[in-house]
Structures are given as C-alpha cells and as structure tokens.
Amino acid sequence: MIQITNLEKFYRTEEVETVALNKLNLEIKTGEFVAIMGPSGCGKSTLLNILGLLDDPDAGSYLFNGTEVAHFNERKRADLRKHNIGFVFQSFNLIDELTVFENVELPLIYTGVSAVERKTRVEEVLTKMQIMHRRNHYPQQLSGGQQQRVAIARAVVNKPKLILADEPTGNLDSSNGNEVMELLTDLNEQGTTIIMVTHSEHDARYSHRIVRLLDGQTVMENIMM
Amino acid sequence: MFKNYLKTAWRNLWKGKVFNAMNVVGLSVAVACCILLFLTVYYEFSYDRFHTNLSNLYQVYAVSHRPNGDEPSTSMPVPLTPALKAEYQDVKFASRSANSGAIVRYGDKELDKDIHYVDEDFLKMYSFPLVQGNANTALSGINNVVISENAAESLFGKQNPINKTIQINLDNKPTSFLVTGIAKTAPDNSSIQFDILMRFEHYETYQRDLDHWDNATHLVYVQMKEGFDPSTFTKRLQPFVKKHFAQNIDLLKRDGAKPDAEGNIYSLKLTNFANNHFNVNMGGVEGSPISKIYVISLAAIGLFILVIACINFINLSVARAFTRAREVGVRKTLGAGKWQLLVQFWMETVMVCFAATVLGTLLAAVAMPQFKAIFKSQVSMGMLLQPTQLIGALLLFIIITVIAGFYPALIMMRYKTVSVLKGAVLNNKPGKLRNTLLVVQFSLSTLLIICTIVTWQQIQFLQNKPLGFNKTEVLSIPTGHNEIGLNVLSLMRNKLSDNPDVVSVTGAYMNFGRGTDGSMRTSIQGFNYKDTEVRTHIERVDYEYLKTLDIKLLEGRDFSRAYAGDTTAVVINEAMATQLGGKNLVGTYLPMYDNGEKTQIIGIVKNYNFRSLHEDIAPLTLTMNKEYSINYIYVKVKPGSLIQAYDRIKQSWHALLPNTEFQGSWLNENTERQYRAEKRLSGIFVSGAVIAIIISCIGLLAISIMIVMQRNKEIGIRKVLGASVPRIVMMLSSDFVKLVLLAAVIAFPIAWWLMHNWLQSFAYRVVLHWWVFAAAALLAMLVAFVTISFQSIKAAVSNPIKSLRSE
C-alpha cells in the first residue's frame, strides 16, 4: 500500500537546518498494523504527517497504492485524504461547537454523502464504538476515553483504507487506553491498515510490526508474533 | 451542507457572544447612521429629478468678467425672454420667473399666498401636472391663474375652484383673477414651490422695465429643443449679447473688465436646471440651494462610519479566526475544501451583518424623527424601499460580508494544516493588516474630531463677533404682505411712544439675517460717479435708524425730521466712502438716479455687518427713498426687560393689526438663523465624530481582549519574574497608543486642508491653531488608552498562577 524511498524532510529556521527525515525507506502492506516508535524529535510525527498527506517531503518518493503522491497539490491531496485516510490524534481534535453525531458526520459531508445515508452510517459507527447514547453531547461533556472513541468513529466513518493514529492513548488512562487499542485492533482485523505513532511499548505490542526511528532514519524493525 | 454551515455558524457566534455583540452593536449603529445620512444625500440629489424635460431645461445666467473676478448673476431684464425666443430657433419654450407674497381673497377668506409670476410656457416646460384644467391653455389669458391643490383646499375647501374668481392684492390694489387650473402641489424635493401661478405681466416692475435691458429683476428658464448642444451656445449667444447689452459691456470696459478666454467681457450662459439645487454660487436661484460640499460631507461621514465599523468587523473576525485555527485544521484534515471553508466563514459574517442590518434599520427608524428635526431633513424610511436603494444596500452587504468573511478564512487557509493542528499560529503576531486598519480607523476619528472642533469654533466666532450694531436689544417685526409698511411703522411708533420699555422705533427695507418670515432680500444699485461705475447695496431706512440699531456715526449726521431735504439724502458706510474715493464726502452729491436727480451725502457710518459673515462688508447706502417699501419695523427696548417688552409689543401689534400675524424676533436670533447650514454641518460632525470614536473604541476594546487572551501566558511569566502592574499595562497599551499617534499624524494634513478650504467660504473666520490638532490627537490617544486599560489592568492584576495553569 505504501512505499517510501529515500524520503527527506528538513526544518529550516534562519540559522539552523534540522533534519527530520533522512533518506528514510519504508514499506507498509495493505492490512498491516504498524507502530512507529522512537525518542522525541526522531521524526515520528513528521513521517506520519507526510504519510497522511498533511505535509510534503523535501525529497524522495512516496507511492500510495502505486501512485506517486509526494508532490501532489493541495486539492489532489485533500481529495486522496478524504477518501482513503482517517486520522486519530492524541488530543482528539474534536470540534467543540459540534455534537458527537455532527463531529462524526463531518467527513461524510465533505465527501458529499446524502443526509439519509449519513445518518445511517454515523449511527452504525457510533453503535459500533458504543457511544451512541452520547450522540447529542458536546465533546467537552465526555470523558477522554469517550472523546477518543468519537475521534476513532470519525476516522472510520468514511471507511478509509488507512488509519493514521498519532499517540492515540497519550491523553488517556490505562483502561481507556486499552479500550482504544482494542478498537484499533478490531478495525485492523476487519482489513484497515493502521499506522500508529506511540511512545508506549504496551500499545506497540498490539501491532504487527514496530518501526523504530532515530534521527530521521529507521534503526530497527521488530516483527511481533 | 447548508444546514451544517448555518448550525456551525450560529454555534460559533454564540460561543463568542461578547465579541459578536460588540460587532453587531458597532455595525448596527454604523448601519443606522449610514441609512440616515445616505438617505439625506439621496434626497438632496433627488431634487427636481421629477421634471420629465429635465435634460433640456436650462436657466439663463450672465457672467461679468470684472477686474476683481467673475461675477455671475441670474437676474435678467424683462425684454430678454421674448427676444431670446424670437432670435434662437433651438429655444423651444421660455419663461420668466419671479416670486412674491400677496393677500388672496375668496368669499370671506383672506390668505397670504406665495405668487409665482411666470410666462405661458412655464407649465409646458416643468412637470407640475394639472389635476384640473389644460396645461397648454391654462395661462393663456392674462388674468388666468393656476393654483396648487394645497392652495385650492385652503381657499375653496370642498368647492371646485375652476372658473371661480379670486381677488389678489397687487400693489395694494385688489385685482380679479380667474382660476383655470389646479396643479398638483409640488413635491418637497422641488426647487420651485408655489401656491399660485400668475402671468409675468402682473409682476410689479413689468410695465416699468418692459423695454429696459439694464434692469435685471427676475430669473429666466428655457427649454431647448432635442439635440441642443450647450457647449457652443454661449458663443452663439454673443451677437445677441452685443446687440442688447452694449451699454453694460461699455461700462464694464470702462471699469477695467478683462475679456475671458473667448474674448468676452459680458456673456450669457445656460446652466442645466438639474444642477439648480446645488447652484449656491450662481447669484440667486429658485428654492434653497445647498452646497454640494455639505452633501458630500454627509456622504463622507456616513462612509467613514461604515468603514470604521467594517474595520472592527474585519479585525475581530481575523482575531477570532486565530483562535479557531485548530478547527480549520481539523476540517482540512477531514477533507474540507477551500470553498467549503470560505463559505463557512462567510456564513458567520452574513449572520452578523444581517443581524446588524436589521437592528440598524430599526435604530434608524427610531432615530428618524429626531434626525429630521435636528438636521431639517425630509427623508423617510419609505425611501429605502426604492429599487435603487435596495440594490445598493444589497451590493454593499455582499461586499462587506465577502471582505470581512473571506479575508480571515483566506488567512487561515494560508497556514499549513500541520502547524495549525499543533496550535503554532495561535500566538501568531497580529500582523501589519490589523495595525493598518486600526490606523485608518483612528485617522478617520481624529479627522472628525478636528472638523468638529474647528466648525464649533467658527460657529462660536460667528455668533459672538460684534457686528457693529445692537443685535441683542432690537426686535425686528416683518410688516406682512397685507399692510403698507410705512403705515404700520407710523401706527407702531405712536402706539409704542408711551411704552416705558421701548427706547426707539424705526423701519427698513431689509432685515438683518433671516427673520421668522424666512425671507432675505437685498438690493444693489449701480451708478456713475466721476466716470467710474459705483455699486452699492441700498437700504431704505426711516428716522432713528442709527439710534435704534446703535450704529456708530463717524461723520455728519443721521436723518432728521428737522431737515425736509433728508428724505432725498443718503447716509453711507465706510466701504462706500472708500469706493467713492475718500475724504470730505459729507455734503457732496451723488448722481444715483436715472432722472438726473442728485442725492446728498449727509453722514458716514462705521462699517457694520449688514449681511452674513460669509461676505465682506460691501458698500452700503442708507436712503429714505419712498420707492422702496418698509418691510421690517425695528424696536429697540431697554436692557433687562426683553421678555416683558416682547409681550407688550406683541399686544400692541395685535391691538393695531388684529388680522396680521406678529412675527417679531430678536436680531441675534435672525443673525444666528443665517448660519443654519453651518450649525447643521457642525451638528453632523459632532455626532459623526462621537459615533466614529465610540465604534473605534468598541473595536479597540475587543482587540485588546483578544490580545490579552493571546498574551495571557506571557503576562503570567512576566509577573512571576517581577514585572509591576503599571509596567504590564504600559507594555500592553503602548503599541496601540503609538498606532493612534501615527493615525493622528496622518489625519492632520487632511484635516487642515479640508478645514482650510471650508473656512475660505467665510469672509470672517477663525485661525486654524496648532493646538486644535494637538488636542484632537491627545483626545484620541486618551480615549484609546482608557479603552485598552480596562483589559490591560485586569490582566496585569490577575493572579499569574491562573494564566500559567490555564496554558
């Protein structure tokens, strides 16, 4: 599904140039659950942002389902993103002004799904995430675990092929964290490819493979049994 | 999708209700001001537009190219109109026009009506449709009259006036006229207003001036044929001018007149009647013309206020957009396109603008009666419903919402999704745009403050300047059209002779300023003196004029009953003495009259401002010539008994003249009344400046709230590190105060230029002092500082732990 070759990304200020990704090579197959780990500043989030087409690389190749997407323009990236990729953030990033239902409905609105179908699909996914009873609540009325479940519901409602999760349990206690990891595992078992950035060895164990980064390069890959 | 936009927009607005309320209040006040001011402007521009032949209607005027500048005049001689019509084929219709009041009688009713003396063509040229009668023939008979619906109702009640005979007092002789037409009453926005249209042949000087090309007494209108080219007409009129105005041209040449670019010393020109309402410098036009500068000032103030409110709106929207960066990022991540985000932001703007428009319109409706009363405006809310207004309002609405809504969205769009999600732009510096807009806002406010101070100073100056006569203790009473002025004067003199409050009584042809009868008249005469043309204002006075008005006599003596010859003598002012060439004038004779009779100068008075302070003191000759009527009676009373004296004089008047209204007013009221336009302008500047400052401050307050929110953590850290409260307040305020100072510096030259030009319209004016500018800048800075201080002090005294924890 994903093939990146010699991927490079630099951050420049007036005086300093920081290498975030240094000729990185990585391949992820459809249906995989990959955890990306490494110390702060090793390039995990940069990699995830590039994979999610939120940021573009300075050099190298990024093939998504066989198509070179590294230099797609904003419109093409937005299009690819909304049909193929779901995001789960550490800080949930739910919109405070929208209810649970409306937050989950949002990606469907942007992909032009009809109102009737939206209702069915949102209710379906909320039920699946066991948050249906909170459908009319606002994010700030929910616990952290519940908010992250809503965020996951929003990420999967468009049935993306790929879910990118950036420290999905970072803001949760362990029991809520485990619940979220179980949900991601379920999604993966149903065929969704998952790439997750995490600091937690515990969470990483839910994945099939751990990619460890240091200074923008892969230093080790562990295959989980 | 649309529903989602609306919903999100509403919730976002509700979340920021304090800011949005400020936005709505500021914007609705601006909308209300704009509605009132723009409607007034529209109304002023709508004057005379209802005439269907407007594009072909012209007024004839003459320009004398005198050595001291061009002198336009709209006064024309009696024989001009028939001659013009006969000699120029492109003149389709022509009509002379003059006004005066007269007493009209029908049955036992006796009313004072406004008579308009016109030629037969008048009704064919102007669109005053007849509800009864035929416009083509109504004035064909010499003794026919057309009366307005209003006049018909007041004279005839429910009777049909057609073919009824009415009596009109002309030259104090009742004359019979046949009513042959009822004209629709002229709308308020018509320069020409009349109760009765009468043939010009009845005008008081018609017979006398029938063949006189040198006596100009009335206005002349022409309707030109289709396809007429006004640009070449002046040239084509030149032979006509040379033929009929040869004497005028010779006199002008002798007095040193210089030919214009076309080689003409005296020319006749046409001005389109569409400009009539703005022709203040034409030397007399129909109606009450108004300076275009005044109307443009109104539009400019309206626009300024709208711009200021829109700037608030943009600044607040941008500021709030930063706090919503994360939301934009999330939406982008979830696939929102550029247009979808633009429309979402626009929707919120539309809702705020819509609320402000509705509220502003209501506010305008509530304020309208007050506005109309203060500014003598004839506007109505109904005018808003005209298609042009609605389209204009809609366009303005769309422009404002697009700018204020799209701009913040575009700014957000520029940021990368990743940095937005990380919150990297939340503490972004406000940027040049916000500062620029604040500078524009405060420049406009400072400009209005300066204009306010200067106009106020000038009006105070006009009101308080000694005019050279007693304006506080002298009562001026119009004699009315019903009576012979000299008789009224004599009656009043006798009646008031035993009134202990009254010092003296006199009469005159002209009033000072504008009396309660609303009229201002003037009479200018020219004659040859030592081979030079001398021009002088003429004032017909009666005995005790100088005593009653406290006018200082410099040489000679006042008119006296002791000298029988005084009725043909004159007293002149210093300006006239200077024109006549200087000294030892008392006792000399002036050849003022065509019949060769000479008149002796018996006295010279100190110059006094007998006209408004817009004009320099012109040469003036006081005469007791009975050809001029006495129109005003002046009564000087003892100081300290003004109210009591007024009542007693009024009682005496009613006892003598029970059927004539008492319209007495103090001279200082009359002189103040002639500066109504300036007072109105000043009033509008004051209101405009106050509103502009308030709206600017609402914006500044909201921005300062935003800034304090954005810099909350910084303030906390600074406090922990030992910064004092005043230091933090200064830190937060100084940036803004600097901007306001810059704004003031920008406003200075513009304000100076505007006010300098405005003051040029007064012969007597205040000096533009530097301190006015300094005071305006100081005021703007002070107001800005106080506004910001509310927030900065609050932030500075708050517990730093709170702000650090909340981060």
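The values are calculated or read from the model by the stated rules, or taken from the named source; none is laboratory data. This one's a predicted model, so the numbers in the text were calculated from it and none came from an experiment. Note that we place each Cβ from the backbone using ideal geometry, even for glycine, and neighbour counts take in every protein chain shown.
What to note about this one:
- Some residue of the range A:30-47 being part of a strand (DSSP E or B), in contact with a Lys or Arg (Cβ under 6 Å, 6 or more places away or on another chain), within 12 Å of chain B (Cβ to nearest Cβ) and of a type outside the set (S, T, N, Q): no
- Residue match in the range B:125-142 (condition: touching a residue at least 60 places away in the same chain (Cβ under 8 Å), in the same structural domain as residue B:96 (by TED's automatic domain parsing) and over 16 Å from residue B:199 (Cβ atoms)): yes
- Listed by position, the helices (runs of 4 or more DSSP H) enclosed by the range B:64-178 that each have at least 2 residues that are hydrophobic (A, V, I, L, M, F, W, C) and under 26 Å from residue B:242 (Cβ atoms) are B:80-87.
- Unique match (being without any contact (Cβ under 8 Å) to a residue 12 or more places away in the chain, charged (D, E, K, R) and over 30 Å from residue B:240 (Cα atoms)) among B:184, B:173, B:164: B:173
- Filtering the range B:253-277 to residues that are without any contact (Cβ under 8 Å) to a residue 40 or more places away in the chain and touching a helix residue (DSSP H, G or I) at 6+ places or on another chain (Cβ under 8 Å) leaves only B:262.
- Some residue of the range B:8-31 being part of a loop (DSSP other than H, G, I, E, B) and surrounded by fewer than 22 Cβ atoms within 10 Å (Cβ to Cβ): yes
- Qualifying residue in the range A:172-191 (condition: at pLDDT below 90, crowded, with 16+ Cβ neighbours inside 10 Å and in contact with a Leu (Cβ under 8 Å, 6 or more places away or on another chain)): yes
- Some residue of the range A:18-27 being closer than 19 Å to residue A:169 by Cβ, away from every other protein chain (no Cβ under 14 Å) and in a strand (DSSP E or B): no
- Helices (runs of 4 or more DSSP H) contained in the range B:280-390 and holding at least 3 residues within 14 Å of chain A (Cβ to nearest Cβ) and either among the basic types (Lys, Arg) or surrounded by 18 or more Cβ atoms within 10 Å (Cβ to Cβ) (or both): B:325-333, B:338-375
- Residues that are surrounded by 18 or more Cβ atoms within 10 Å (Cβ to Cβ) and modelled with pLDDT of 85 or more number at least 3 in the following helices (runs of 4 or more DSSP H) confined to the range B:716-807: B:725-759, B:770-797.
- Residues of the range A:189-225 classified as charged (D, E, K, R) and in a strand (DSSP E or B), total: 3
Residue-wise test of (1) on the phi > 0 side of the Ramachandran plot; (2) outside any loop (DSSP other than H, G, I, E, B); (3) in contact (Cβ under 8 Å) with a residue 40 or more places away in the chain; (4) not assigned by TED's automatic domain parsing to the domain that holds residue B:764.
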{"site": "B:596", "(1), (2), (3), (4)": "yes, no, no, yes"}
{"site": "B:600", "(1), (2), (3), (4)": "no, yes, no, yes"}
{"site": "B:603", "(1), (2), (3), (4)": "no, yes, yes, yes"}
{"site": "B:611", "(1), (2), (3), (4)": "no, no, yes, yes"}
{"site": "B:626", "(1), (2), (3), (4)": "no, no, yes, yes"}
{"site": "B:634", "(1), (2), (3), (4)": "no, yes, yes, yes"}
{"site": "B:639", "(1), (2), (3), (4)": "no, no, yes, yes"}
{"site": "B:645", "(1), (2), (3), (4)": "no, yes, yes, yes"}
{"site": "B:648", "(1), (2), (3), (4)": "no, yes, yes, yes"}
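Let's see how each residue does on (1) modelled with pLDDT under 85; (2) within 19 Å of residue B:394 (Cβ to Cβ); (3) within 14 Å of chain A (Cβ to nearest Cβ):
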{"residue": "B:5", "(1), (2), (3)": "yes, no, yes"}
{"residue": "B:9", "(1), (2), (3)": "yes, no, yes"}
{"residue": "B:13", "(1), (2), (3)": "yes, no, yes"}
{"residue": "B:16", "(1), (2), (3)": "yes, no, yes"}
{"residue": "B:19", "(1), (2), (3)": "yes, no, no"}
{"residue": "B:35", "(1), (2), (3)": "no, yes, no"}
{"residue": "B:49", "(1), (2), (3)": "no, no, no"}
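- Flag if residue B:237 is in the same structural domain as residue B:75 (by TED's automatic domain parsing) and closer than 23 Å to residue B:527 by Cα: no
- Positions within the range B:41-82 being of a type in the set (Val, Ile, Thr) and in contact with a strand residue (DSSP E or B) (Cβ under 9 Å, 6 or more places away or on another chain), in sequence order: B:60, B:63, B:74, B:78, B:81
- Taking the range B:548-607 as the range and being among the polar types (S, T, N, Q) and either surrounded by fewer than 18 Cβ atoms within 10 Å (Cβ to Cβ) or touching a Phe, Trp or Tyr at 6+ places or on another chain (Cβ under 9 Å) (or both) as the test, the residues that pass are B:548, B:560, B:567, B:568, B:573, B:578, B:579, B:584, B:588, B:595, B:599, B:600.
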